[in-house]
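Worksheet for the structure shown next.
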Amino acid sequence: MEGGLEGEERKKRVVVVGGGVAGSLVAKTLQDHANVVLVDSKEYFEIPWASLRSLVEPSFAERSVINHSEYLQNVDIVVSTATNVTESEVVTAQGLVIEYDYLVIATGHVDTGALARSEKLSHYQAGPETRTKKLSQYQAEHQKIKASNTILIVGGGPTGVELAGEIAIDFPDKKVIIVHRGPRLLEFIGHKASRKALDWLTSKKVEVILEQSVNLSSVSDGVYQTSGGETITADCHFDCTGKPMGSSWLRETALMNSLDVRGRLMVDENLRVKGQTNVFGIGDITDLPEIKQGYLAQRHAQVAAKNLKLLMTGGEECKMGVYKPAWPLAIVSLGRNEAVAQFYFVTIIGCIPGMIKSRDLFVGKTRKQLGLKPDLL
Ligand SMILES: Cc1cc2nc3c(=O)[nH]c(=O)nc-3n(C[C@H](O)[C@H](O)[C@H](O)COP(=O)(O)OP(=O)(O)OC[C@H]3O[C@@H](n4cnc5c(N)ncnc54)[C@H](O)[C@@H]3O)c2cc1C
């Protein structure tokens with residue numbers, strides 16, 4: 001993909017790799033200021049914090065799984081996995097070579113959803129997915145939940161806890177078991193939030209087994225063995241142990257020296273990749289010392305977009321916006337009406353944080369940020 005459209009020649013080309021929370025917003029913000037190309041391994045953006053509601057209510061995904069073309073009217077969308085970056089080009093799995101003046105890396109996490117680990121990897125390697133396939137997947141997972149009496153959730157981070165909450169509220173007769181390797185649920189935030197979430201789940205008859213893991217590759221006939229020697233019988237399971245980081249593709253590229261030992265992209269205070277003048281890194285993939293949250297990824301996108309606009313118009317580098325890592329604020333929903341929230345000085349549980357997040361899961365708000373109507377009608 002070379003050159004550009006007639007009349008667009010004076011505009012700089014910005015290639016954004018990754019169409020998740022950060023990448024979709026930076027592409028949207030820049031679409032009228034640059035010749036923007038979005039490279040994403042799927043044709044749609046999914047609001048991640050709505051995905052667990054979509055498992056218990058598949059129609060919820062109609063609003064939260066959005067084709068990129070719906071909100072990026074002025075962007076060239078390339079549905080493919082990026083496999084290489086040189087000093088001036090991005091190369092995709094299909095062999096497309098896309099030149100850039102500026103590059104934004106936003107490949108936070110590989111999109112896999114709550115699936116079994118083996119499925120997670122093959123699912124990703126299978127290549128781009130369509131929105132239609134994603135919606136059908138939610139229908140199938142929903143049927144799986146409906147048909148099960150006992151559901152095992154492996155992983156007690158935010159995904160596992162939110163999924164348990166959704167099932168406990170919508171299907172109170174199902175037996176839900178969470179097995180978590182760590183000493184407490186929700187280890188990414190404070191102890192108070194963990195304890196409150198545990199009490200809430202226990203009150204809804206969710207069984208929580210801590211400090212044990214489950215080897216999902218040796219499951220037979222619905223019988224699961226834990227590392228502590230316990231046997232669990234369940235009709236189905238969801239692997240909520242976390243998605244792989246989307247940085248392995250950078251390991252043998254021009255950015256290989258910009259990855260830290262954990263595979264995170266090292267960025268400076270302006271969100272430029274360390275050692276690079278025209279490459280930005282935003283979202284979960286960065287080494288910023290803060291919890292990995294979508295509202296922070298959105299802030300990164302805003303800072304990077306502002307800095308890119310400045311650089312593209314010949315502004316002085318010293319005028320670039322600075323990003324300051326944030327305090328760990330988080331809201332974890334517990335079904336449709338309640339949530340546990342860690343704010344600055346207080347951790348609370350119940351309907352008040354539930355009113356902030358759990359009813360609509362910020363879907364209307366996120367759609368509005370992308371210039372879409374909050375509802376489909
Ligand atoms: C269940 C759940 C609930 C959450 N709840 C909240 C919440 O309430 N509030 C909150 O602030 N945050 C929440 N988060 C966290 C939030 O979703 C992440 O912090 C956010 O998605 C990070 O955005 P990102 O753009 O960095 O990465 P992602 O959103 O992970 O997007 C990465 C994109 O890059 C694509 N990609 C990866 N590799 C390649 C490649 N090589 N080539 C092309 N494309 C590629 C992926 O397909 C994906 O589209 C939640 C997360 C989950 C999973």
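Restricting segment 272-312 to residues that are in contact with a Pro (Cβ under 8 Å, 6 or more places away or on another chain) and more than 10 Å from the ligand (Cβ to nearest atom) leaves a set whose member that is farthest from R262 (Cα to Cα) is E290. With a requirement of 3 or more residues that are in contact (Cβ under 8 Å) with a residue 40 or more places away in the chain and of a type in the set (A, V, I, L, M, F, W, C), the strands (runs of 3 or more DSSP E) lying completely within segment 285-377 that satisfy it span 330-334. Considering only residues in segment 313-344 that are crowded, with 17+ Cβ neighbours inside 10 Å and closer than 16 Å to G281 by Cβ, the one that is nearest to the ligand (Cβ to nearest atom) turns out to be Y323.
Could you check segment 70-82 and list, in sequence order, the residues that are part of a loop (DSSP other than H, G, I, E, B) and within 11 Å of the ligand (Cβ to nearest atom)? Residues satisfying the conditions are S80, T81.
Filtering segment 56-69 for residues that are at pLDDT 95 or above, assigned to a loop (DSSP other than H, G, I, E, B), surrounded by 21 or more Cβ atoms within 10 Å (Cβ to Cβ) and more than 10 Å from the ligand (Cβ to nearest atom) leaves an empty set.
Taking residues in segment 190-206 that are without any contact (Cβ under 8 Å) to a residue 12 or more places away in the chain, and partners anywhere that are surrounded by fewer than 21 Cβ atoms within 10 Å (Cβ to Cβ) and not small (G, A, S), the pairs with Cβ atoms closer than 6 Å and at least 6 places apart or on different chains are S194/R184. Checked against the criterion of being modelled with pLDDT of 95 or more and under 17 Å from the mean Cα position of the chain (by Cα), segment 85-97 contains not a single residue that satisfies it. The residue that is nearest to the ligand (Cβ to nearest atom), counting only those in segment 18-42 that are among the polar types (S, T, N, Q) and under 16 Å from L372 (Cβ atoms), is S24.
Name the single residue that is surrounded by the most Cβ atoms within 10 Å (Cβ to Cβ) among those in segment 222-241 being free of Cβ contacts under 8 Å to residues at least 60 places away in the same chain and either hydroxyl-bearing (S, T, Y) or under 19 Å from K174 (Cα atoms) (or both).
Within segment 222-241, the subset free of Cβ contacts under 8 Å to residues at least 60 places away in the same chain is 222-223, 225-231.
Checking which are either hydroxyl-bearing (S, T, Y) or under 19 Å from K174 (Cα atoms) (or both) leaves us with 222-223, 226-227, 231.
Numbers: G222: 14, V223: 11, T226: 18, S227: 12, T231: 8.
The selected residue is T226.
Of the listed requirements (1) near the ligand (Cβ under 9 Å from one of its atoms); (2) touching a Ser or Thr at 6+ places or on another chain (Cβ under 9 Å); (3) under 22 Å from E316 (Cβ atoms), L250 misses just one: (3).
The values are calculated or read from the model by the stated rules, or taken from the named source; none is laboratory data. Note that the structure is predicted; figures quoted are calculated from it, not measured. In this analysis, Cβ positions are derived from the backbone assuming ideal geometry, glycine residues included, and neighbour counts consider all displayed protein chains.
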